[in-house]
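Asker: Structure incoming, see below.
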């Protein structure tokens with residue numbers, strides 16, 4: 001067989017084993033995220049192989065579409081559906097791994113024996129590429145010429161896929177959404193039946209040395225207003241001691257008053 | 001490079017993808033193995049395009065990429081939907097059609 005070019009040979013012997021390593025990583029890593037990343041690695045190396053085989057547009061599309069879009073979508077869904085779920089090592093069917101390995105070795109052997117040698121002398125792509133001035137231009141001429149009908153069909157396919165994904169990702173509401181009007185009605189009902197204040201809740205307290213939302217407001221009689229602090233902070237025990245802060249301020253005022261009394265009079 | 005070697009590489013990649021599809025229980029990883037098999041087919045298309053001196057193989061590989069993108073979008077949303085109802089992405093967990 002005639003080798004295509006020496007440079008392509010070098011690229012093949014570097015990237016080919018790396019692609020296989022990435023593919024093996026995909027199968028062998030227990031954690032799905034490692035699998036996805038090693039798959040992305042294999043795809044980048046495949047792109048390098050495409051570039052070496054006079055397919056620059058496909059190399060770019062491989063990096064952008066496969067590595068950039070598809071694998072990142074996979075990673076996104078992995079993060080969404082439980083990244084910590086390691087694969088179980090239990091075989092559901094007895095001897096499944098062994099038989100799968102034997103079967104796959106047989107398939108590889110069959111493919112290599114069957115079509116691995118079915119290569120006619122290499123013609124090279126120079127003539128086809130130079131027909132319209134370059135690989136991209138010639139591919140464009142084919143896609144928008146001979147294969148334009150298939151190209152239009154892919155647009156229908158992509159739109160259908162997008163609509164299908166939206167329909168599948170939509171999930172039914174279990175309880176109807178409460179509108180603003182209904183919320184207002186519920187507040188007025190609570191006021192009518194239990195006397196609950198229908199307006200906004202009181203804001204948190206502002207003190208001389210502290211205006212945090214964890215500091216509750218004080219009512220006119222000096223007691224703490226429980227509604228002025230979020231229930232979450234209350235539950236965590238993060239609520240500050242408002243009467244102590246208030247009395248500290250009062251003491252400071254009293255001390256200032258006592259110190260300045262003589263001077264003023 | 002020698003096109004025969006590329007064919008062998010594609011065969012090995014296809015085999016590894018099939019092995020993963022047969023042995024891995026995580027639906028997402030199994031799905032990625034299908035993508036690997038599609039990539040192996042793409043590799044054959046590209047190298048054969050070079051052997052035959054025509055760009056039709058590259059156009060076919062381009063269309064395979066488009067179909068793979070559409071397939072991934074629908075497949076992943078199905079996996080997310082199954083996860084919502086079963087709380088698992090294992091292919092063994094989906095047994096609704098089992099007797």
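The values are calculated or read from the model by the stated rules, or taken from the named source; none is laboratory data. Quick caveat, the model's predicted, so the values are computed rather than measured. No Cβ is skipped: glycine too gets one built from the backbone with ideal geometry, and neighbour counts run over all protein chains shown.
Asker: Go through the residues of segment A:78-101 one by one and say whether even a single one is part of a helix (DSSP H, G or I), touching a residue at least 24 places away in the same chain (Cβ under 8 Å) and within 10 Å of chain B (Cβ to nearest Cβ).
Answerer: yes
Asker: Just checking, which of A:225, A:155 is surrounded by 13 or more Cβ atoms within 10 Å (Cβ to Cβ) and either out of contact with any helix residue (DSSP H, G or I) (no Cβ under 8 Å at 6 or more places or on another chain) or assigned by TED's automatic domain parsing to the domain that holds residue A:140 (or both)?
Answerer: Going through A:225, A:155 in turn, the sole match is A:225.
Asker: Would you call residue A:164 facing another protein chain (nearest Cβ under 10 Å), closer than 23 Å to residue B:40 by Cβ and surrounded by 11 or more Cβ atoms within 10 Å (Cβ to Cβ)?
Answerer: No.
Asker: Could you identify the single residue in A:55, A:118, A:60 that is more than 30 Å from residue B:87 (Cβ to Cβ), out of contact with any strand residue (DSSP E or B) (no Cβ under 7 Å at 6 or more places or on another chain) and more than 9 Å from chain B (Cβ to nearest Cβ)?
Answerer: Just a single option satisfies the conditions, and that option is A:60.
Asker: A further question on this structure: Looking at segment A:148-240, what helices (runs of 4 or more DSSP H) fall wholly within it and have at least 2 residues that are farther than 30 Å from residue B:62 by Cα?
Answerer: A:180-194, A:231-236
Asker: State whether the residues of segment B:57-74 include one that is facing chain A (nearest Cβ under 7 Å) and outside any helix (DSSP H, G or I).
Answerer: So far as segment B:57-74 goes, no, none of its residues is facing chain A (nearest Cβ under 7 Å) and outside any helix (DSSP H, G or I).
Asker: Can you work out which of the residues in segment B:1-34 that are more than 18 Å from residue A:17 (Cα to Cα) and more than 7 Å from every other protein chain (Cβ to nearest Cβ) is surrounded by the most Cβ atoms within 10 Å (Cβ to Cβ)?
Answerer: My answer is B:27.
Asker: Any chance segment A:235-255 includes a residue that's in contact with a helix residue (DSSP H, G or I) (Cβ under 7 Å, 6 or more places away or on another chain) and more than 30 Å from residue A:80 (Cα to Cα)? It would help to see each step written out before you state the result.
Answerer: Restricting attention to segment A:235-255, the residues satisfying the condition of being in contact with a helix residue (DSSP H, G or I) (Cβ under 7 Å, 6 or more places away or on another chain) are A:239.
Going one step further and asking which of them are more than 30 Å from residue A:80 (Cα to Cα), we end up with A:239.
Yes.
Asker: When you scan segment A:22-29, do you find a residue that is more than 13 Å from residue B:29 (Cβ to Cβ), more than 7 Å from chain B (Cβ to nearest Cβ) and part of a helix (DSSP H, G or I), even just one?
Answerer: Yes, segment A:22-29 has at least one match.
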